[in-house]
Amino acid sequence: MNRFDYVKPATVAEAIAAAGAPGAAYLASGTNLLDLMKGNVVRPERLVDITQIKELTRIETLDNGDVRIGALVRNADLAYDASFARDFPAVAEALLSGASAQLRNAATVGGNLLQRTRCAYFYDTASACNKRAPGSGCDARDGENSQHAVLGWSDACIATNPSDFCVPLAAFDAVVEIEGSSSRREVALEALHLLPGSTPEREGVLNPGELIVAVRLPAAARGFARHARYLKVRERNSYAFAVVSAAAGLVIENGSIKQARLALGGVAAKPWRAHDAEALLAGQSAEPEVFEHAADAALREAKPSGDNAYKIPLARQLIVRALAAAAQGTPSRMPALPASPFSAVPGALHDA
Amino acid sequence: MNWTVRLTVNGEPHTLALDDPRVTLLDLLRERLHLSGTKKGCDRGQCGACTVLVDGRRINSCLTLALSLDGAAITTIEGLAQGDQLHPVQEAFIAHDALQCGFCTPGQIMSAVGLLNEGQAGDDPERVREGMSGNLCRCSAYVGIVEAVLDAQATLAGEKERAA
């Protein structure tokens, strides 16, 4: 790890002022940043520790019914907030399917949104990586790439975004509140991350020095609470990143889908909202054939970027499964293995 | 430049001067306070050997800057027993032979204490396994670990009932 200057401001304004210096980075819990620094993947000259800024630690319901989650709310605290989990069950399930209990106790909402890809070539400073060292090439293209992107990738970069949390946030129209030195702005979660194109080093729309202060879920997202799931396929059933994941929400009346929300994780450099599939689902009956058509629509543009052609049929199956699980209804209790497609009965022992 | 961090570790207040902000909580515990019960396994948040409680919550001490925790109360494996009286989780690990080489054990025990504090797993072995997935055991003593956690859960629930 390189040496760095360390400051701990007490307010958002002080933090933004302190982060104006070149080479500065915000530090929240550090579960991703310190890991990257230990590997010399990232070498900030100054850490602006924002963990003492109390105004960023609140979960509040606004007058219009939106829920506003401060950027420093810990992942576990949000997932176990009873009212939040009741209203946004797929978000809670996604949070609890990520990382380990220790990491969820530390990791923050804002940090989760900005976590970096887990592409092994990005982490290995001896490898070529256009994201870490622009213009150096991409060793993943001819390397171990079975987990890499099947949507939205480019010749320059085939890395995926590792977040579980962002997938239902994208599905349910979450909004990110951002503060900079001169202004405050809002960006749809779906528009926060960028596809790689020819500039994979530019991963999102945040400008240097800007700080995520909160994430908002619109009141309308509560309408999906009775039919909302997050499902995640991983190489082991806990404490692993998604190979493919899906967040699904439905509003069902008399067996007919009034509204649908669908987003995928593990398939692209950003959480992948499937608008075409949602449009196909609206007005249809909640049946397997309909879900299959929607899955086909969601994956129409998918193509392998390496040894990962299997991810496309896997994603198709998982979308169908997630929509069917959502149609069946949100489980009354969080499943013992959150987001696991191997729990036959929600909340029951999968191996019993 | 120098920084100061105040921590209460196993009930004892400390004020420490650091000349380098890179010191993690793990390194501070082991190298500066000589509490070597907390283990450094991967040092990257993947194995759980460094698990301690910060204000009662389990975290990976290897991925936390000590300076970030100014004012916090830390509990390590050295702080669990009351004199010669072991913590129920420690007793249960011995009773169920929940270890072989023992390297991961302090982290396993601290994680189990954190899990029981959280109160989300109850007596469901699947929820215990899920809740303990952040602690790896290369000797694969997992069966005994889950039994020990369930046993300690029952003991603590019984104690709570008797106290009520």
Out of A:25, A:94, A:85, which single residue is assigned to a helix (DSSP H, G or I), touching an Asp or Glu at 6+ places or on another chain (Cβ under 9 Å) and closer than 22 Å to residue A:117 by Cα? A:94
Among the listed residues A:110, A:143, which satisfies the condition of being outside any helix (DSSP H, G or I) and either of a type in the set (A, V, I, L, M) or modelled with pLDDT of 95 or more (or both)? A:143
Specify which of the listed residues (B:158, B:134, B:102) is of a type in the set (Gly, Ala, Ser), out of contact with any Lys or Arg (no Cβ under 7 Å at 6 or more places or on another chain), touching a residue at least 60 places away in the same chain (Cβ under 8 Å) and outside the structural domain of residue B:37 (by TED's automatic domain parsing). B:134
Do you know which of the residues in segment B:1-51 that are small (Gly, Ala, Ser) and under 18 Å from residue B:69 (Cα atoms) is farthest from the other protein chains (Cβ to nearest Cβ)? B:11
Just checking: which of the strands (runs of 3 or more DSSP E) contained wholly in segment B:45-164 hold 3 or more residues that are closer than 25 Å to residue A:98 by Cα and of a type in the set (Val, Ile, Thr)? B:51-54
If only one of A:280, A:262, A:299, A:337 is crowded, with 21+ Cβ neighbours inside 10 Å, farther than 28 Å from residue A:114 by Cα and either of a type in the set (A, V, I, L, M) or in contact with a helix residue (DSSP H, G or I) (Cβ under 7 Å, 6 or more places away or on another chain) (or both), which one is it? A:280
So which of A:78, A:114, A:33, A:96 is over 30 Å from residue A:142 (Cα atoms), in contact with a Leu (Cβ under 9 Å, 6 or more places away or on another chain) and in contact (Cβ under 8 Å) with a residue 24 or more places away in the chain? A:78
Any residue that is modelled with pLDDT of 95 or more, in contact with a Lys or Arg (Cβ under 9 Å, 6 or more places away or on another chain) and within 9 Å of chain B (Cβ to nearest Cβ) - is there at least one of those in segment A:14-23? no
Among what's in segment A:86-117 and is facing chain B (nearest Cβ under 10 Å) and among the small types (Gly, Ala, Ser), pick the residue that is nearest to residue A:332 (Cα to Cα). A:97
(1) free of Cβ contacts under 8 Å to residues at least 12 places away in the same chain; (2) β-branched (Val, Ile, Thr); (3) within 13 Å of chain A (Cβ to nearest Cβ): which one isn't true of residue B:143, the others all being true? (3)
Any chance segment A:261-281 includes a residue that's in a loop (DSSP other than H, G, I, E, B), over 22 Å from residue A:97 (Cα atoms), over 20 Å from the mean Cα position of the chain (by Cα) and in contact (Cβ under 8 Å) with a residue 40 or more places away in the chain? no
Provide a single number: the residues in segment A:101-154 that are crowded, with 18+ Cβ neighbours inside 10 Å and on the phi > 0 side of the Ramachandran plot. 1
Quick one: would you say residue A:82 is under 24 Å from residue A:248 (Cα atoms), over 18 Å from the mean Cα position of the chain (by Cα) and within 13 Å of another protein chain (Cβ to nearest Cβ)? yes
Give segment A:236-258 a look and list any residue that's away from chain B (no Cβ under 14 Å), touching a residue at least 24 places away in the same chain (Cβ under 8 Å) and not in a strand (DSSP E or B), or say none. A:242, A:243, A:255
Could you look through segment B:63-76, keep only residues that are farther than 17 Å from residue B:15 by Cβ and more than 8 Å from chain A (Cβ to nearest Cβ), and pick out the one that is surrounded by the fewest Cβ atoms within 10 Å (Cβ to Cβ)? B:75
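The values are calculated or read from the model by the stated rules, or taken from the named source; none is laboratory data. What you see is a predicted model, and the numbers here were worked out from it, not measured in a lab. Positions of Cβ are backbone-derived with ideal geometry, glycine not excepted, and every protein chain shown enters the neighbour counts.
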